[in-house]
Amino acid sequence: MSVKVKPDNRQDVEVIRVRGLRKVFRDFWLRPRVEALREVDLTIYSGEVFGLLGPNGSGKSTTIQILLGLLFPSAGEVSVLGKPPATAEIKNRIGYLPEDSVFYPFLTGREMLDLSASLAKVADSQRKGRIEDLLEMVGLQDAGDREIGDYSKGMQRRIGIAQALIHDPEILILDEPTNGLDPLGVREMKDWIGALRQRGKTVLISSHLLADVEQICDRVSILYGGKVQTTGSIEQILARDDRTLWVTSNPGEDLLAEARRQIEKSGIEVVSMGPGSRSLEDKFLETVEAARESGEKTTGAGIGAKLPAFIGQSKVPR
Amino acid sequence: MTPFILAFLAWVMMALVVQVAVRVPVPGGAVVAISRTLLIEIWRRGVLPICGGILFLGLAMLPWILDDSSEESSRLQTILDYGQIWISSVLLLLSMWITSGSLADEIVTGRMRVLVVHRHGKSALLPGKWLGSVLAILALLVPATAMLWMLSGQVVDRSTDLFGEPAYELVQPQIMEVSREEVESYVALQKLEDPAGWGALDRDKAYRIARSRIERLSHSLVQGVPMDYHFQYPGGLSEGAVLEFRPSLGRLHRSERARLRVQFDGTSKDVVIRNSVRSQVEVPDRFRGDQEIVVTMEFLGAVSEEMRIPSMNWNGSDALLLRIQEGSLLSSLIRSQLLLWIRCGFVAALGLMVSTFLGLPVATLLVLCFFIAAAGGGFAGAFDENHEGSHSHPDPRDQEPSRVIIDLLAGGGEWIVGQLGDWNRHVTGSRVAAGENVKIAEVYSGFTRIGLIWAGLALLLGTWINSRKEHGLGVDR
């Protein structure tokens with residue numbers, strides 16, 4: 001079920017370019033209050049899944065909001081798809097999932113998607129079909145007529161990803177996409193991101209959940225103190241010259257002991273060795289799947305589906 | 001039908017209008033989508049259901065304030081007057097709270113970020129919310145007006161033939177208006193007679209004193225001196241025209257009775273008058289269709305021979321009027337309510353504009369300040385005096401930069417006050433209650449000045465401020 005993303009679909013076309021970006025927040029009297037970003041440089045290529053990591057207050061959200069045109073840079077150069085952010089043309093090519101699910105609590109899921117489609121100028125003829133496809137994708141087709149205020153946090157994240165995709169954007173900016181999702185939702189989110197990447201979309205993710213980022217991102221930048229501390233592909237960043245990991249089928253205790261003895265005889269240190277175990281995530285997914293198959297009812301989100309066909313029909317920069 | 005059943009029916013009518021506006025698919029872009037979202041918001045959050053309930057219940061209770069022993073016309077005037085005051089108070093406050101509250105909520109919750117990242121989010125946000133609010137106000141205004149009309153019919157026991165109730169046009173005599181030529185002639189004459197006194201006066205001061213004296217003279221009737229009053233009405237007099245007057249006998253004689261002779265081209269009639277009590281004299285039928293009428297009035301002094309009252313005055317613009325039948329009461333009420341809707345539209349735009357940079361409490365306070373300033377009719381007329389001609393001999397000191405700046409600021413202040421006067425001129429509820437006709441030209445004027453210029457400027461300014469604002473701060477910075 002999981003999609004292991006590999007950086008083989010990346011094309012070397014810059015879709016987001018940031019150079020020397022600074023952002024200073026000022027108080028009412030225009031005195032500098034916080035310097036949130038200091039000389040940030042970033043390049044994100046078409047078709048890659050890029051992770052923006054860092055502790056709280058490191059500047060991830062500020063960077064994202066500048067890319068969306070919600071904040072204005074104090075200095076530096078920012079271009080999205082070759083143009084400054086916040087222009088009407090660029091806005092229609094970006095989908096955004098905010099960190100907190102700030103959607104209208106009194107609108108139903110369908111009405112929220114309809115509003116997003118109207119704001120993004122999705123043609124009337126396509127609107128209804130897209131809304132139904134996306135509701136099915138996020139597993140909310142049965143909850144589409146319920147008010148968002150009645151949704152659980154995870155269901156609100158699902159409607160959030162649907163509204164971000166309604167206009168089939170070229171770039172997706174996802175702020176903490178797995179925040180509030182159950183493990184099943186996390187797995188589905190990862191699958192959708194992988195599928196988006198396969199359809200040529202560029203995805204920028206900001207997250208604290210390093211394991212998720214490790215699984216789905218091609219490249220990452222780690223921010224600290226408003227500066228980029230390191231950037232590179234997952235393999236480059238995580239590679240260690242002084243360690244080797246073997247994963248085998250169960251060889252039996254005798255063979256294992258023999259192998260260990262041979263390795264140690266050669267002067268190589270065995271750091272750890274032991275029986276394999278499944279992850280808690282796998283166990284959780286197995287349990288939920290079994291309950292579903294036995295016919296257990298739920299008022300929450302249903303099983304999500306694959307990306308709708310209309311996603312990926314818009315032009316992708318080459 | 002009891003008033004409470006009427007209130008219930010009005011509420012149902014309002015609910016139906018809102019449901020139709022929310023559910024019927026209307027083609028349109030982002031503006032329509034945002035306006036529909038606002039309607040859904042205020043309906044599902046209970047703002048419209050509760051405010052509608054308060055509005056209609058308040059109207060239903062109006063018959064309780066009436067005095068059953070009073071005349072039918074007085075009851076009709078009271079219910080129309082208080083009814084319109086109630087409707088306008090609720091709707092004007094509601095237009096401000098709907099828009100300010102909704103926009104402030106977007107900013108505080110951080111929803112604004114989700115809206116403005118879309119292509120048309122920033123440009124459509126304020127117009128969309130404005131459209132939604134004026135539609136919501138209309139959904140309340142139409143049933144409220146219908147209910148007020150039906151209640152009016154019930155209190156005068158003429159629910160059917162109230163449709164034929166006429167409205168009146170009020171015409172002031174020309175002599176009440178002092179022209180600049182009259183002031184100039186008066187000053188010239190006084191300078192000839194008293195070169196030492198009037199010749200030494202500053203030009204502006206001389207004009208001010210002259211105007212004040214002429215106005216006093218033209219507004220007074222000296223005992224035994226007849227005076228002609230010219231009334232012009234291009235539409236031609238209709239049947240049932242009456243001369244209406246409210247004399248002022250002064251504080252000393254406020255409890256006295258006096259006599260006034262009214263002459264229409266040879267036909268005269270003596271009327272007993274009392275201080276500040278309105279009296280009417282019918283205009284003879286032979287003047288029907290005339291575009292101009294001259295009325296000669298002579299103050300005959302006190303009824304009591306022992307009392308001497310040297311003169312009487314016309315105080316206020318409504319002291320001496322010709323009432324001419326024009327249009328119907330219903331059409332006048334509808335036009336007045338249209339003007340109220342236009343004013344609500346402006347308040348909604350103002351609320352949106354100030355909420356782009358102020359929180360809800362401060363925005364509310366600012367709009368309330370506007371209400372107080374605009375309602376202050378006392379000072380709104382302070383600048384109406386015509387000062388034309390005062391610059392014909394420029395004072396060299398006027399060219400000094402400080403004077404130029406002060407003059408510019410004063411001019412700006414005068415303009416603002418003049419504009420605020422517009423608001424008062426388009427508050428027509430009490431005129432309708434008094435049976436006066438509200439002309440369609442006034443609706444056009446209100447639409448152009450308040451609806452298009454004021455509201456348009458407020459919306460443009462608000463949209464501009466919104467486009468210059470950063471929306472990424474949310475609640476955590």
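The values are calculated or read from the model by the stated rules, or taken from the named source; none is laboratory data. Predicted, not measured: the structure shown is a model, and the values here were computed from it. Cβ: placed from backbone, ideal geometry, glycine included. Neighbour counts: every protein chain shown. Ligands, DNA and RNA are excluded from the accessible area calculation, which covers all protein heavy atoms including side chains. Shrake-Rupley method; radii C 1.70, N 1.55, O 1.52, S 1.80 Å.
Among the residues making up the stretch A:1-32, those that are modelled with pLDDT under 85 and either in contact with an Asp or Glu (Cβ under 6 Å, 6 or more places away or on another chain) or among the β-branched types (Val, Ile, Thr) (or both) are A:Val3, A:Val5, A:Pro7, A:Arg10. Quick one: is A:Glu111 out of contact with any Pro (no Cβ under 7 Å at 6 or more places or on another chain), over 28 Å from A:His208 (Cβ atoms) and of a type in the set (Asp, Glu)? When the stated conditions are applied, A:Glu111 passes them. Exactly one residue among B:Gly53, B:Gly29 is in contact with a helix residue (DSSP H, G or I) (Cβ under 8 Å, 6 or more places away or on another chain) and more than 14 Å from chain A (Cβ to nearest Cβ), and that residue is B:Gly53.
Can you tell me which of A:Val34, A:Val40 is in contact with a helix residue (DSSP H, G or I) (Cβ under 9 Å, 6 or more places away or on another chain) and either open to solvent by 20 Å² or more (accessible area, probe 1.4 Å) or hydrophobic (A, V, I, L, M, F, W, C) (or both)?
A:Val40
Scanning the stretch B:400-445 for residues that are polar (S, T, N, Q) and touching a strand residue (DSSP E or B) at 6+ places or on another chain (Cβ under 6 Å) yields a single hit, B:Asn437. Answer yes if at least one residue in the stretch A:300-308 is of a type outside the set (Phe, Trp, Tyr), open to solvent by 80 Å² or more (accessible area, probe 1.4 Å) and modelled with pLDDT under 80, and no otherwise. Yes, the stretch A:300-308 contains at least one residue that is of a type outside the set (Phe, Trp, Tyr), open to solvent by 80 Å² or more (accessible area, probe 1.4 Å) and modelled with pLDDT under 80. Contact map, the stretch A:91-109: residues that are at the interface with chain B (Cβ under 7 Å from one of its Cβ atoms) paired with residues that are of a type in the set (S, T, N, Q), Cβ distance under 6 Å, separation 6+ or inter-chain. Pairs shown: A:Val102/B:Thr109. Under 6 Å between Cβ atoms, which residue pairs at least 6 apart in sequence (or on different chains) link something in the stretch B:361-376 that is over 16 Å from B:Ser89 (Cα atoms) with a partner that is part of a helix (DSSP H, G or I) and modelled with pLDDT of 80 or more? Within 6 Å, the pairs are B:Ala363/B:Ser100; B:Ala363/B:Val354; B:Ala363/B:Ser355; B:Leu366/B:Val354.
Candidates in the stretch B:458-472 are the residues that are open to solvent by less than 40 Å² (accessible area, probe 1.4 Å) and in a helix (DSSP H, G or I); of these, the one that is nearest to A:Ile66 (Cα to Cα) is B:Asn466.
Of the strands (runs of 3 or more DSSP E) lying entirely inside the stretch B:223-293, those containing at least 3 residues that are among the hydrophobic types (A, V, I, L, M, F, W, C) and under 26 Å from B:Met307 (Cβ atoms) are B:257-264, B:267-274. Among residues of the stretch B:239-265 that are at positive phi, those with a beta-carbon under 6 Å from a residue that is assigned to a strand (DSSP E or B) at least six positions away or on a different chain give the pairs B:Gly240/B:Gln325. A count restricted to the stretch A:75-89 and to residues that are open to solvent by less than 60 Å² (accessible area, probe 1.4 Å), more than 9 Å from chain B (Cβ to nearest Cβ) and on the phi < 0 side of the Ramachandran plot stands at 6.
May I ask you to verify whether B:Val303 is open to solvent by less than 20 Å² (accessible area, probe 1.4 Å) and β-branched (Val, Ile, Thr)? If you could, list the steps in order and put the result at the bottom.
Details: open to solvent by less than 20 Å² (accessible area, probe 1.4 Å): no; β-branched (Val, Ile, Thr): yes.
No: the conditions fail for B:Val303.
Residue by residue through the stretch B:387-414, note down the ones that are in a helix (DSSP H, G or I), modelled with pLDDT under 70 and either surrounded by 10 or more Cβ atoms within 10 Å (Cβ to Cβ) or small (Gly, Ala, Ser) (or both).
Residues of the stretch B:387-414 that are in a helix (DSSP H, G or I), as a first pass: B:396-399, B:401-414.
Subsequent filtering for residues that are modelled with pLDDT under 70 retains B:396-399.
Hit for the stretch B:387-414 is B:Asp398, nothing else.
Of the listed requirements (1) more than 10 Å from chain B (Cβ to nearest Cβ); (2) open to solvent by 10 Å² or more (accessible area, probe 1.4 Å); (3) closer than 22 Å to A:Gly312 by Cα, A:Gln156 misses just one: (3). Of everything in the stretch B:175-202 that is of a type in the set (S, T, N, Q) and surrounded by 13 or more Cβ atoms within 10 Å (Cβ to Cβ), the residue that is nearest to B:Glu239 (Cα to Cα) is B:Ser185. Taking the criterion of being under 22 Å from A:Gly149 (Cα atoms) and within 8 Å of chain B (Cβ to nearest Cβ), the residues of the stretch A:118-135 that qualify are A:Ser118, A:Leu119.
Selection of the stretch A:198-227 for residues being open to solvent by 40 Å² or more (accessible area, probe 1.4 Å), farther than 30 Å from A:His167 by Cβ and more than 14 Å from the chain's Cα centre (by Cα) yields A:Ile222, A:Tyr224, A:Lys227. Is the stretch B:131-142 home to any residue that is open to solvent by 20 Å² or more (accessible area, probe 1.4 Å), modelled with pLDDT of 85 or more and within 14 Å of another protein chain (Cβ to nearest Cβ)? Yes. When the stretch A:48-64 is filtered for residues that are open to solvent by less than 10 Å² (accessible area, probe 1.4 Å), over 16 Å from A:Ile234 (Cα atoms) and either modelled with pLDDT under 90 or not aliphatic (A, V, I, L, M) (or both), the ones remaining, listed by number, are A:Ser58, A:Gly59, A:Thr62, A:Thr63. Cβ separations smaller than 7 Å between residues 6+ apart or across chains give the following pairs from the stretch B:450-464 residues that are not polar (S, T, N, Q) to residues that are not in a helix (DSSP H, G or I): B:Ile450/B:His426; B:Gly462/B:Thr356. Just a yes or no: is a residue in the stretch B:147-169 modelled with pLDDT of 90 or more, in a helix (DSSP H, G or I) and open to solvent by 10 Å² or more (accessible area, probe 1.4 Å)? Yes, the stretch B:147-169 contains at least one residue that is modelled with pLDDT of 90 or more, in a helix (DSSP H, G or I) and open to solvent by 10 Å² or more (accessible area, probe 1.4 Å). Of all the listed residues (B:Ser123, B:Ser102), the sole one being open to solvent by 20 Å² or more (accessible area, probe 1.4 Å), on the phi < 0 side of the Ramachandran plot and within 14 Å of chain A (Cβ to nearest Cβ) is B:Ser123.
Among the residues making up the stretch A:74-130, those that are assigned to a loop (DSSP other than H, G, I, E, B), over 20 Å from A:Gln156 (Cα atoms), in contact with a Leu (Cβ under 9 Å, 6 or more places away or on another chain) and not aliphatic (A, V, I, L, M) are A:Ser74, A:Pro85, A:Arg93.
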